[in-house]
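K.L.:
I have a structure I would like to understand better, so I am pasting it below and will then ask my questions one at a time.
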Amino acid sequence: MKVPHYFKYLSSFKLTLFVLVSLMLLVFFGTLYQAEHGLYLAQKKFFDSLIIIDGFLILPGAVLIMCIAFINLSAFLCFKFKYSWAKLGILIIHLGLMSLLLGGFYTLYFSKESLISFREGEQTNRSTDYYKWQLRVIKEEKLSGVNKAKSRSESLIPFEIDSKNLDSHFSLELKKAIPQLKLEKYYRNGRVFETPFAGIIPKELELNKEFEQNTPLFIFSDTDTQEKVYLDNFDYRVLSYEASEGLNYQLSLERLSSELPVIIRLDDVKRDLHPNTQVAKAYASTISVLEEGSNKFRKVEISMNKPFRYKDYTFYQASYGIDTDGVEFSSLAVVKNAGRLVPYIASFLTVLGLAIHFIMHFLKFIKYQRADLAS
Amino acid sequence: MKRLFFLILILLFSLNLPAKASAIADEFSKLLILDQGRYKPIDSYAKSKLLQFSGKTKVNGKNYREWFTELVFNPESIYSEKIFLINNPEVLTAINVEVDTHRRYSYDELRTGIDVLNDLVKSAEAKPEKERSLVEKEFVRVFNNFHEFTQLANSFSLFQRKPVLTTIASENLKSSLGLNGELSLFSLIDKASELEVLIRSSNLKEEAVKLGFVIFSWVETYKEYLNLFRLEEVFAILPNIAVTESKTNLEFYSPWTYFHEMQSQPASYKLIHLKSCLNLQNAYYDKDTKSFRAIVEKMNTASYQHISSLNKVRPKIELELLHNRLQPLERSQLLYLFSLLLLISSAFFTPKAAFRFNLEKFSYLVFLLAFLLHGSGILMRILILSRAPVSNLYETFVFVAFISALLALVISMTLKKVKNTLSETLALSEEKKSCVFLGSLSAFMLLLISSKFVTDGDSMKVLIAVLDSNFWLSTHVIAEMMGYAGVSLAGLIGHLYLIKFLRGKFRRNAVTESLKFYHKLILGMIGFGLCFTFLGTMLGGIWADQSWGRFWGWDPKENGALLIILWTAITLHSRLAGYIKDFGVAVFSIIGTMVVMISWFGVNLLGVGLHSYGFTEGLMVNLLTYLGLEFLFIIGCIVLTKYQSLKMT
């Protein structure tokens, strides 16, 4: 069967080298960018993107390069590869790499990372997102009538922390939820300071490289009076805004949270130090877990390198601390990833292929060397 | 031949022996200490301290044991010795000290400018660490070293004889207290209850009050000093006996902290270890080695009892002492160099001279010996630390050096012996010689680089929680390091290839056979490097998935490993596609080594990511110099090759 010319190109070494060199440059510059701007932004710009736009420069992002790599590998195996036992290693390596790329794509688009942070004795069935937030607007309206009843409705407007300017969708949602307010300004990291003389001062703070540490600040203005309204997340602030007589809004900023299939209670946190130092030797959290359909908590210990797995969810010991009240708290990272085992299988395949190929060549080298020297 | 072999070896070993320490210093080096979370012999502690202060293990003809013993028991005697390494002359100008050509300064010299330095350090510390200039960092380093030295010099001040105390107390008072000779602060504190009685009595009341006041003010001064400079963290040799019953507290105290902490304890309990310290100090004064040894043994027994809940501390401490005395890594470095020199010197003899063959074989034997010693050094570290010895830059270089030597040895063993003609029975084949040369050179160079990191302090530090996983540390890091070794060795062979290639071009000699051999070795090493770097990276991914919940997170260290994988893949695919030939493969292999170095050091220099555990100062200049030199070498080789080709046509 004659292979069309463009298929030949897709399976060519030229394309392979283009992919490898591009990926190398992306990784190199992405790492340098990370030192300056932090992992999250580097990931967004270089590694999780299809294209990189920087001023007038448009370049392929890592996702696009990896898509091309997948096509190149598939085309190579379909149209170019000569199947033989001698090339078994090569075949397995390429299959392994293809599955590694597939696993990577699945994780990128379908896995979900979040965090639980709770004090000893507390329990929860929700975990909060690192980078996604929501604006909660509660509308309370006094109804006319003798019984003085109130109507209450709630709107949630999600947004992502890294957005430099919030999109039109956000403004639209805001208008629906609270027509009296207009978004004037949005800061990715900021806080409202209440001063005794100058009154309320909103201040943009330096962007933290660890992006999950940033907390947004909103400046709204009243459409009628042009009066400014400030909202941040400091101390879980809830802003009360009276739009008119009998119409009151409560606004708050919070991290987006999602429900877990289990209820988790933090029973105990332990931290072992190396003697005479403040260097931690080990962290561990003892938790009680109430699974779906069960009415009994079961004890589980989570420590460094020993996570707790439940269905597609995995819970990891992330950090430990003592809060201002002197109560110990623990943070557990939560990852939902149904394709968790794909990289394991893919890595195994690739390493197996590499080992077969290397050993075959090594034996050939010995044979050649001995024959050569003997002659 | 055999005699010559052993003679040279003995000579070599004795050359590298540390200067003989006194018997007391030797005994003192066996005492157990808790430092940075690890139980170790004072020997290791003393070595790391002298390295930290001066960058050397010997000063003024004394080895580190002797120097440390004097620092603890007779500090005044070394105040004028030049031990503080100061690289930046701006520091000296600031504190008004004259620049010394050896860049080392005494405690007495620094003491004159310490107040000025204190102010400079305060303003430097007001800035975040990343924003400090090199001079400011040097201010802080010198100041910290000065204070640590002061703390160590005062660690036994409680037990040292003070002429002032002796003159204050009259003979009458001394005899009433049952004291004689020169007095130490502790000997008086020990008699506190008797002194109290004398203060109440009439005839010696005035003298007793005066003495009591002196003791009180001294103790208070030291307490203040202790609070100010956190003396409790320095020189923790005494077990915290107050909690031995529970067996949960494994802390040790320094003598001053012990004295301070035990105030609330009953007298007998309080003095149990302090009296041993006093006896130790007195045995030092009396140069009584026998008593000194007995006290050290007694103190160690008490310490081991205190930490009996920990497994096998004593054999590990003894092994560490043996390791320090044997110095297997330092000696193997010297032997690799020796093997290299032998091989090079053999080239000066005529090709069929018997002496040349002997030298070559001798070189091979020395290489083998170096390799065994190197391996035993690594094995000792594994046993001492109960973990894989690859958790800091020093250890990784030592390990990669070992793997490089191992690879060279394995290749040399796969080569068939040459034919049994008169000359060849004695000789090593060219290929085998190449292997010895490569193995010795790479191991020597990597060990030389590793020795630069010894001054960073204890090279056997305890691990932080996330690294404390023996399985993953052993598999992931070791595989990764084996990958580094493969690619680095390929780069080294690449250099030899290019040099030989150019030599062939200029001399118009046909050296195709050996070039062919080198080419195959480069490909083999790149393949080996790719296999192990990939394996290591994937194992790292699995470890990350187990610990942090993600297989791949674009962390700088992961990216560094990925760069190596990508570059080796580029090299192999370029060759397969026919874009590069043998010469190109050699050039690409050298670039591969540059990529390895960027990956190895680059992450630490960036100082970001989950892997940046040990940020190392001053590496950037060295790394950039290395990269620049390699770049010039490659460009030079390409230009010369083109030039010669044009000349020939």
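K.L.:
Restricting attention to region B:542-558, which residues are at the interface with another protein chain (Cβ under 7 Å from one of its Cβ atoms), crowded, with 22+ Cβ neighbours inside 10 Å and touching a residue at least 12 places away in the same chain (Cβ under 8 Å)?
P.N.:
Within region B:542-558, B:547, B:556 meet the criteria.
K.L.:
May I pose another question? Under 6 Å by Cβ, and 6 or more places apart or on different chains, what pairs join a residue from region B:561-588 that is more than 21 Å from residue B:483 (Cα to Cα) and at the interface with chain A (Cβ under 10 Å from one of its Cβ atoms) with one that is surrounded by fewer than 23 Cβ atoms within 10 Å (Cβ to Cβ) and of a type in the set (A, V, I, L, M, F, W, C)?
P.N.:
B:577/A:13
K.L.:
Being touching a helix residue (DSSP H, G or I) at 6+ places or on another chain (Cβ under 6 Å) and either of a type in the set (Asp, Glu) or under 22 Å from residue B:251 (Cβ atoms) (or both) is the filter here; which residues of region B:317-340 pass it?
P.N.:
B:320, the sole residue that qualifies.
K.L.:
Moving to a separate point now. Given the conditions (1) surrounded by 15 or more Cβ atoms within 10 Å (Cβ to Cβ); (2) more than 8 Å from chain B (Cβ to nearest Cβ); (3) under 26 Å from the mean Cα position of the chain (by Cα); (4) not hydroxyl-bearing (Ser, Thr, Tyr), report the number of the one that residue A:311 does not fulfil.
P.N.:
(1)
K.L.:
Restricting the search to region A:126-146, which residues are among the β-branched types (Val, Ile, Thr) and either more than 19 Å from residue A:239 (Cβ to Cβ) or without any contact (Cβ under 8 Å) to a residue 60 or more places away in the chain (or both)?
P.N.:
A:128, A:146
K.L.:
Now, a different point. Would you mind stating whether residue B:484 is among the aromatic types (Phe, Trp, Tyr), more than 24 Å from residue B:381 (Cα to Cα) and either out of contact with any Phe, Trp or Tyr (no Cβ under 7 Å at 6 or more places or on another chain) or in a helix (DSSP H, G or I) (or both)? Steps first, please.
P.N.:
Details: among the aromatic types (Phe, Trp, Tyr): yes; more than 24 Å from residue B:381 (Cα to Cα): no; either out of contact with any Phe, Trp or Tyr (no Cβ under 7 Å at 6 or more places or on another chain) or in a helix (DSSP H, G or I) (or both): yes.
In short, no.
K.L.:
Quick check on my filter: what residues within region A:258-279 are in contact (Cβ under 8 Å) with a residue 12 or more places away in the chain, surrounded by 18 or more Cβ atoms within 10 Å (Cβ to Cβ) and within 14 Å of chain B (Cβ to nearest Cβ)?
P.N.:
A:269
K.L.:
Further question on the same structure: Yes or no: region B:90-103 includes at least one residue that is of a type in the set (Lys, Arg) and at pLDDT 90 or above.
P.N.:
No - not one qualifying residue is present in region B:90-103.
K.L.:
Given B:314, B:293, which one is part of a helix (DSSP H, G or I), touching a helix residue (DSSP H, G or I) at 6+ places or on another chain (Cβ under 6 Å), touching a residue at least 40 places away in the same chain (Cβ under 8 Å) and of a type in the set (D, E, K, R)?
P.N.:
The match here is B:293.
K.L.:
Oh, and also: Name every residue in region B:87-120 that is within 28 Å of the chain's Cα centre (by Cα) and over 21 Å from residue B:148 (Cα atoms), in order of residue number.
P.N.:
B:89, B:90, B:99, B:100, B:101, B:102, listed by residue number.
K.L.:
Only residues that are in a loop (DSSP other than H, G, I, E, B) and surrounded by 13 or more Cβ atoms within 10 Å (Cβ to Cβ): list them for region B:88-102, please. Working first, answer last.
P.N.:
Just the residues of region B:88-102 that are in a loop (DSSP other than H, G, I, E, B), to begin with: B:88, B:95-102.
Matches in region B:88-102: B:88, B:95, B:97, B:100.
K.L.:
Which one of A:79, A:46 is touching a residue at least 12 places away in the same chain (Cβ under 8 Å), touching a Gly at 6+ places or on another chain (Cβ under 6 Å) and over 24 Å from residue A:355 (Cβ atoms)?
P.N.:
Among A:79, A:46, only A:46 is touching a residue at least 12 places away in the same chain (Cβ under 8 Å), touching a Gly at 6+ places or on another chain (Cβ under 6 Å) and over 24 Å from residue A:355 (Cβ atoms).
K.L.:
Could you go through region A:357-375 and let me know if any residue there is part of a loop (DSSP other than H, G, I, E, B), out of contact with any Gly (no Cβ under 9 Å at 6 or more places or on another chain), at pLDDT below 90 and more than 9 Å from every other protein chain (Cβ to nearest Cβ).
P.N.:
yes
K.L.:
Kindly indicate the residue of region B:615-631 that is away from every other protein chain (no Cβ under 13 Å) and modelled with pLDDT under 70 and also nearest to the chain's Cα centre (by Cα) among those meeting that condition.
P.N.:
Step by step, filter region B:615-631, then rank; the result is B:616.
Residues are listed down the side, and each one gets a yes or a no for (1) facing another protein chain (nearest Cβ under 8 Å); (2) under 21 Å from the mean Cα position of the chain (by Cα); (3) under 25 Å from residue A:268 (Cα atoms):
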| residue | (1), (2), (3) |
| --- | --- |
| A:291 | no, no, yes |
| A:296 | no, no, yes |
| A:307 | yes, yes, yes |
| A:322 | no, no, yes |
| A:355 | yes, no, no |
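K.L.:
Restricting the first residue to region B:453-465 and requiring it to be more than 12 Å from chain A (Cβ to nearest Cβ) and surrounded by 17 or more Cβ atoms within 10 Å (Cβ to Cβ), which pairs with a second residue that is in a loop (DSSP other than H, G, I, E, B) and hydrophobic (A, V, I, L, M, F, W, C) meet a Cβ separation below 8 Å and a spacing of at least six or different chains?
P.N.:
Final answer for the pair search is B:459/B:453.
K.L.:
Just name the residue that is farthest from the chain's Cα centre (by Cα) out of those in region A:108-128 that are hydrophobic (A, V, I, L, M, F, W, C) and crowded, with 17+ Cβ neighbours inside 10 Å.
P.N.:
Ranking the qualifying residues of region A:108-128, first place goes to A:118.
K.L.:
Residues of region A:281-305 being farther than 18 Å from residue A:260 by Cα, in a strand (DSSP E or B) and without any contact (Cβ under 8 Å) to a residue 12 or more places away in the chain, which ones?
P.N.:
A:281
K.L.:
With respect to residue B:104, determine if the residue is closer than 25 Å to residue B:68 by Cβ and either touching a strand residue (DSSP E or B) at 6+ places or on another chain (Cβ under 6 Å) or not β-branched (Val, Ile, Thr) (or both).
P.N.:
Working: closer than 25 Å to residue B:68 by Cβ: yes; either touching a strand residue (DSSP E or B) at 6+ places or on another chain (Cβ under 6 Å) or not β-branched (Val, Ile, Thr) (or both): yes.
Taking the combined requirement at face value, the residue satisfies it.
K.L.:
Oh, and also: Restricting attention to region B:165-178, does a residue exist that is buried (at least 17 other Cβ atoms within 10 Å of the Cβ), modelled with pLDDT of 85 or more and part of a helix (DSSP H, G or I)?
P.N.:
no
K.L.:
Please give the number of the condition residue A:248 fails out of (1) buried (at least 16 other Cβ atoms within 10 Å of the Cβ); (2) away from chain B (no Cβ under 14 Å); (3) within 29 Å of the chain's Cα centre (by Cα).
P.N.:
(3)
K.L.:
A further question on this structure: Do the conditions hold for residue B:501, that is, is it among the aromatic types (Phe, Trp, Tyr), away from every other protein chain (no Cβ under 12 Å) and surrounded by fewer than 18 Cβ atoms within 10 Å (Cβ to Cβ)?
P.N.:
So residue B:501 does not fit the description; no.
K.L.:
Related question: When region A:324-353 is examined, which residues are found to be without any contact (Cβ under 8 Å) to a residue 24 or more places away in the chain and either within 7 Å of chain B (Cβ to nearest Cβ) or assigned to a strand (DSSP E or B) (or both)?
P.N.:
Passing the criteria: only A:344.
K.L.:
Could you tell me which of the residues B:360, B:320 is under 17 Å from the mean Cα position of the chain (by Cα), part of a helix (DSSP H, G or I) and of a type in the set (Asp, Glu)?
P.N.:
Details: B:360 fails: under 17 Å from the mean Cα position of the chain (by Cα).
So the residue among B:360, B:320 that is under 17 Å from the mean Cα position of the chain (by Cα), part of a helix (DSSP H, G or I) and of a type in the set (Asp, Glu) is B:320.
The values are calculated or read from the model by the stated rules, or taken from the named source; none is laboratory data. Everything quoted here is computed from the prediction, not taken from an experiment. Heads up, the Cβs are rebuilt from the backbone with ideal geometry, glycines too, and the neighbour counts pull from every protein chain shown.
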